[in-house]
1. For a protection proxy built on the mean count of beta-carbon atoms within 10 angstrom, sort 422-429, 101-108 highest first, please.
2. Classify the stretch 458-591 as rounded, prolate or oblate from the Cα gyration tensor: take a ≥ b ≥ c as the square roots of its eigenvalues, call it rounded if a/c is under 1.5, otherwise prolate when a/b beats b/c and oblate if not.
3. Considering only protein heavy atoms, what per residue accessible area in square angstrom results for the chain with a 1.4 angstrom probe?
4. Which residues does the label zone of Asn435 cover in the stretch 446-461, counting backbone N under 15 Å from a point 7 Å along Cα→Cβ?
5. Can you compute the modelled spin-label distance between Lys386 and Met131, with each label point 7 Å from Cα toward Cβ, in nm?
6. So, how do all the Cα-to-Cα distances of the stretch 175-318 break down into 10 Å bins, in percent, from 0 on up?
7. In square nanometres, what is one fourth of the surface area of the convex hull spanned by the alpha carbons of the stretch 562-647?
8. Considering only DSSP beta bridges where both residues belong to the chain, give the percentage that are antiparallel (nearest 5).
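The values are calculated or read from the model by the stated rules, or taken from the named source; none is laboratory data. Keep in mind that this is a model prediction, so the values were computed, not measured. Every residue, glycine as well, gets a Cβ built from its backbone with ideal geometry; the counts of neighbours run over all protein chains shown. What goes into the accessible areas is simple: the full protein's heavy atoms, side chains included, and nothing from ligands, DNA or RNA. Shrake-Rupley method; radii C 1.70, N 1.55, O 1.52, S 1.80 Å.
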Amino acid sequence: MARKYQGLEEENLAKQLNNEEEVTILKKQTIKELIAPSGIDVSNIDHLEIISNVKRYARSFFISTLPRMCTFPELFRDMYFFGDINTSLYITPIQEATSQNQLNRVINELETERIVAADKGNINRESNLSMKKAEAEQLRDEIAAGYNKLYEASIISTIFAYNMQDLDRLTKLLSTELSKNLVGVKTAWAMHEDAFKSNMPLMNDKIKKAHTFDRRSMATVFPFTASEVGHETGIPLGFNKQTGTPILFDNFHKSLANYNMVVFAKSGAGKSVTMKTLISRSSVLMGIESLALDAEGEYSIVAESLGGINVVLSPNSKTVINLFDVETETVKDEITGRERITLNIENKVEDVTQSLLTMAKGSTRSKEVNELTKQIIAESVAEEYKAIGITNNPDSLYQKGSSSDRATNKLYSDKKLMPTIGSWYKRIVKKAKENENKDYSFHYSYLIKVMKQYIREFNGQMAYFDGQSTFELLEGSPFINLDISQLEEKFARPLAQQILLTWIWEKFVKKNSEDRRKATKKRVIVDEAWMLLPYPEAVDFLNTMARRARKRNVSLAVVSQRFQDFYEKPEAQAVLTSSDTKLFLAQDKSEINYVKEVFKLSEGEAGFLTTCSVGEGLLKVGQESAIIQITPTQKEFEFVDTNLNNLVKN
């Protein structure tokens, strides 16, 4: 029994020794000791030297003078966002009784000085003192009524640099920037040790260089002015760089005036990565169906990854897009609320006419094409539809009689074959032969010559729009990519953009119901939209689509660089005003003034957009704005990254 007791005592003693060893180990270094530098040299009267692995220099300042008036939140903005700088504010409320006594004394002093100035005939000084006295009396009355309050505030800042040259340069720069707001600063000469300690989070103001503020002016010193943008629902688009909170973005949120968005950035700033991230997350998380007009061939891999459709339009492909294709649309009766199917053939005739007009003008945008040419084109297009019996009656799109589907045992009508550019061209040739009006002869001759390049029968170079469409846009596809990157850039690509926009309207947008409870959320992305701008008919249709898309629960997303082209085309700016969401990534310095003017950006916002990194930008949703960081996940980067160097590494 004695041995057992002795064994227990030895075991307890061993545990105590182990615990003492653990405690001793933990107490070797405190947190303060771990983060503290090796030492701080305070022997210099105009700066401190922080001695560590890398020596740093520090210089402290305090506010010496303040402006009479200030604007929120501009007063001390530079002291908060200057760079490697720490700023501390010590705010002490003043008792109401003390405030009243001080203000009464000031008012009496001002009145005495005013009387002296009046006796001496100094009108300017008398007027100035009268105004100051009136302000002091107003402030005293507001404090007495409980509407205002006085505070004493001490503002201290410390800037850091790795060498004395940079420290002197930053000192001058800070002083210059603050002087723009009439704020004066002084270095804490011979007080740097106390100033540095005052700027530590120890709540100990050692230099006590205070200024008096009232409640309204006190509000201007606070740096907490970050704007929050986002919705309760939506996709995680990125992070707010000022607050670190994620930004949820819902392109179809009820708070938005419309669902359109514009994205502007210089080349390499991350436009494509941003849009691919938006498309993929919207599809997976919100079920939004997207369609992209891909001018650079960058969205094909997204279509493959999402299980969508990728259509390539090129001189060598067998893909045909018939610009004469027309579809019915479902509209909601404003009185009864019931839906009905309609067909507006007049609008379709106008859309086809505009496209053919762009074709006729060609890359040279010939001035020989005028209203007579347009009239000839429009009449021939209308006759094409009339020839096969298509009117405003939706049933006229289908052949008479019915066929049966054995699989479903249902009857249906076959859709008529649509007119084509080839059949329209033959009609033009026929009408030219029958024409007896000399005013029309030249225009018929011109059309026959220039439109031949679009006709398949003549092996035209751009005959990919002549013939019956070779595919249909499937409903329910998460992403459809129309790749036109293999077409010639100067004219064929913008022409394809215009024709495909009209075709998308018929096949993708119009099929959506006007009843939002039944309508699918859809998005149309127009990549490199600046290509359309030289062609008025194309710009006009883009504007029309921007105005009409919301009614069909569709978002039009215009993505482009070269903002100056939009600025110089007033008619193109209607697209900008029809977009409630605007995303600006890094901008070229030569264009930032145009962006700033059109979108009413502040100096700070404009400056940020010229210096921000890839993936950073300014997101404006309605009246709110925030600085956003868009960073796809590692898995997303596999199919959204367009940087060739990164792709080679992978």
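1. Values: 422-429: 17.9, 101-108: 14.2.
Highest-to-lowest ranking by the protection proxy: 422-429, 101-108.
2. On the way: a/c = 1.87, a/b = 1.07, b/c = 1.74.
Judged from the Cα gyration tensor, the stretch 458-591 comes out oblate (a/c at least 1.5, b/c at or above a/b).
3. Values: 34430 Å² over 650 residues.
Here the residues of the chain average 53 Å² of exposed surface.
4. The answer is 446-452.
5. 7.6
6. Computed distribution, short to long bins: 8, 22, 22, 14, 15, 12, 5, 2, 0.
7. On the way: hull surface 27.1 nm².
Projected over every direction and averaged, the Cα hull of the stretch 562-647 covers 6.8 nm².
8. On the way: 54 of 82 bridges.
Rounded to the nearest five, the antiparallel share is 65 percent.
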